[in-house]
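Here the structure is laid out as structure tokens; the discussion comes afterwards.
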Amino acid sequence: MPTQPPLPPLLAPYVSSLPPSSLIVLSTVLGAQGNWLTLRYLYAALNASLTSDAALSFGEGHNRKKQKVVLVSFLRGWEFWRAEAKRLGLDLARLTDKRQFAFVDGLSELFAGPRTTPTPSTPQTTTQTTPPSLAPSPRGGPVPQRTILPNRSAPSPIPARGPAVAAPAPFAPVAPSAPPAAPASREVGPVKRLHLSGKGPAALDRLEKDIAAVVGHLNGRAAASAEGEDDSEVLLVLDQPDLLLAATGPGKEIGATEMTEWVMGLQQYVHATVMTLAADLPLIHNASAAGHQMPTPLETEHAAFAIGSAHRAHLVMQLRDLDTGAARDVSGVLRVSKGGAWGQSDNTDANGNWEEKEALYFVQRDGGVNVFGRGE
Amino acid sequence: MAPTNTSHRQTHNLLLISKLLSLRDTASPLALVLDSLEQPATPLIKEYIRRAKLSKVHITFVAFETLKPLEGVDAFVAARKKSPLEIIKAVNEAYPNVSTSGPSRRRLILIDAINPLLHARRTDAQFNVSSFLSSFLMPHGPPTASKVEASLVVTFHQDVPSPPLPSPYTPSPLSMLTYLATTIIRLHSFSHIMAQKAARDRSLVPPVFGLEEELDGVLLGRLDKPIGNETAQGVVLELEHRRKSGRGVLEWYILPPASRYPPQYAKEIVTLLDDHPLYRPPEEPDFGAGEEEPESTFELRLTDRQRRDREGVVLPYFDAQQGDGPGEGGRILYDMGEEDDFDEEEDEI
């Protein structure tokens, strides 16, 4: 089989040149994971900024701005993303040093107490007023297990706690109010770890502040370097934030509305947002199928969050299994649909030249992806 | 009867939708727009804004899930992280409280989605949808000289599941809203309506789309160009309007896509769904077809001579009515033709 281009041509219009302040929802199911598509978004943004010649090949490349990416991952660690991106030819560690990329780890220490910090010498800056009893969250026990399941495609399960990569200091204090242009803050390592503390919207606000600090850090250098094109665009990739919803739930006063508002808050800091969500049948339909049984709070909240996000999205990329069963040369079906917010602004530039489409895709052993129409 | 009915519907119901969308005479203070992922409310909201701009109505947009203001909106109130009371306050402040000398001004308040508010944990048990919505229509502030006629358009996503109710006796938010609303507009995608109609015309089960398919991983089923149906664009509005008298009006309309007409176009663009060339009532083509005899390999028509002969036949019961006595009536009278053979055993008379 011939080697595939990193960005399949059918996919290129949907992953590059995202309209401003747009939200793209990427829905996945257990059998059809969206890691490869998330990586294609990273590639489209970062590779184009690596070599400006490549940007021209995408058409309308002349007015492309520099793109930076903040990846907030709730289910997979830094090692996983670094290894997967390497197969595409992206060196995330180097891009982190160049401040074109930042990784926010929402997995390792989201519920960990302060003592489990892997590098105890560096102080954790997030306010840790949590009583340690909150961390294991006994009542949320079965719930996160259910969401962690899709982790199976990771080469090593939860690798993010390993020693941080080539960066000099794994992480340095990033106070939310730290002046981003200060030279001291250059030593921010590849991984910023989120820590959930407290309850309800206030806890989400703290997470939002942490992520905003990372975004501001990326932006800050562009402003300080005083180049001609300092208005770089930051693409925020939220990888499965539904873990937060599943792991906290009504007991911590976090519901679909709070999550939606949290995402809206994050959207304000960045140019465009890509969010992956699980759209498995039980998570979406148990809440609406009336009469079978009482839906659990998780089912209701997840369905409300996922469907509500699709209403807010400009584009919904839906991955699912092949309807006719597993096949050797097809991994799944990709359906691109316009979301509820599509067409809100009148100028056609902001809407992009997207058209709805359904295609098959195949993830090869080497990580290359082939996207093709039915029967091609 | 049918043609007069259609023309009556055309005149009256088109007038009604034009009044409702253009917010004339405060025909409907609270319009509830029920949309779904298959047909979002965005085209209808933009049509409301377009018409309000034409008639210079002040537009306030209450955004629960929109980040950037839509074009043409006068005031944009971000409702994110606000309590209902704060939203009411912000909306009331958004209206320029100038006691203009002119007649009572009109204002339009659009709520992009009421679902987040109904879902939010910050809304406590005391929160009441009806009082929340009515406080927009009747502000509690000091009675100003110029009365403001406010119209409220609330969008509700039908497919977002509702949170569990606090008590089994409280009505669901949707039933509360449908009870309060004076106008309910349900949105459908025209291509889906066409596909369902085509199935019904063949007595097939109408297809469902998107979430209703209940397929794993499918949130949206909409595709731009369903095969062979390229012109089926537009939004179908299923309107239910409650008049002041209490009588309800039900009608189906179609709103063409915004690219089909200029933004300043003042004439009515909404038409009845039945008048759309792609959606005709199924009886019409059958009228013409009824005139012709079905073709057959048999000659079923009669010649004149055959008809005369048939009329001349006296059927047995006519004879029986003359009452010549028992056993006399009811005989079969038969005049032998030339070609008949006389058979003694059978044809004894």
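Nothing in this text is a laboratory measurement; each read-out follows from the coordinates by a stated rule. The structure presented is a predicted model; accordingly, all values stated were derived computationally and were not measured. Because the Cβ atoms are built from the backbone with ideal geometry, glycine has one as well, and the counts that use them run over all protein chains shown.
Suppose R0 equals 35 Å; then what is the FRET efficiency for A:Glu358 and B:Tyr265 from their Cβ-Cβ distance, rounded to the nearest 0.05?
Details: r = 35 Å, r/R0 = 1.00.
The calculated FRET efficiency here is 0.50.
Within a 10 angstrom radius of each residue's Cβ in B:33-41, how many Cβ atoms of other chains show up on average? Whole number is fine.
Details: counts 0, 0, 2, 3, 10, 2, 1, 9, 2.
The per-residue average across the peptide is 3.
At a 10 angstrom cut-off on C-beta neighbours, averaged per residue, how do the peptides B:259-268, A:72-81 rank from highest to lowest? Kindly include the intermediate steps, with their values, before the conclusion.
Working: B:259-268: 9.8, A:72-81: 23.7.
Listed from highest to lowest mean packing, they are A:72-81, B:259-268.
Under 28 Å between alpha carbons, and skipping anything fewer than 8 positions from A:Lys192 in its own chain: which lysines qualify?
Within reach: A:Lys65, A:Lys66, A:Lys68, A:Lys86, A:Lys98, A:Lys209, A:Lys252, B:Lys81.
Using a 10 Å cut-off on Cβ to Cβ distances, tally the other chain neighbours for every residue of A:256-263 and report the average as a whole number.
Numbers: counts 8, 14, 6, 0, 8, 9, 2, 1.
Partner Cβ neighbours, averaged per residue: 6.
Separation between the B:Leu300 and A:Thr296 pseudo-spin-labels, each 7 Å from Cα along Cα→Cβ, expressed in nm?
6.6
Give the lysines reachable from A:Lys357 as a straight Cα distance under 23 Å; neighbours fewer than 8 places away on the same chain don't count.
Within the straight-line limit of under 23 Å, A:Lys357 reaches these lysines: A:Lys338, B:Lys225.
Sorting A:Phe372, A:Phe362 on the 10 Å Cβ count, fewest up front, what's the list? Walk me through the intermediate numbers first.
Numbers: A:Phe372 15, A:Phe362 18.
The fewest-first ordering by Cβ neighbours comes to A:Phe372, A:Phe362.
Once the Cβ-Cβ distance between B:Leu250 and B:Ser7 is put in as r, and R0 is 22 Å, what FRET efficiency do you end up with, to the nearest 0.05? List each step's numbers first, then the result.
On the way: r = 18 Å, r/R0 = 0.81.
Step by step, r from the Cβ atoms, then E = 0.80.
Using only atoms on other chains, find how many Cβ atoms lie within 10 Å of each Cβ of peptide B:113-121 and report the average.
On the way: counts 5, 0, 7, 10, 1, 2, 10, 7, 10.
Mean partner-chain Cβ count within 10 Å for B:113-121: 6.
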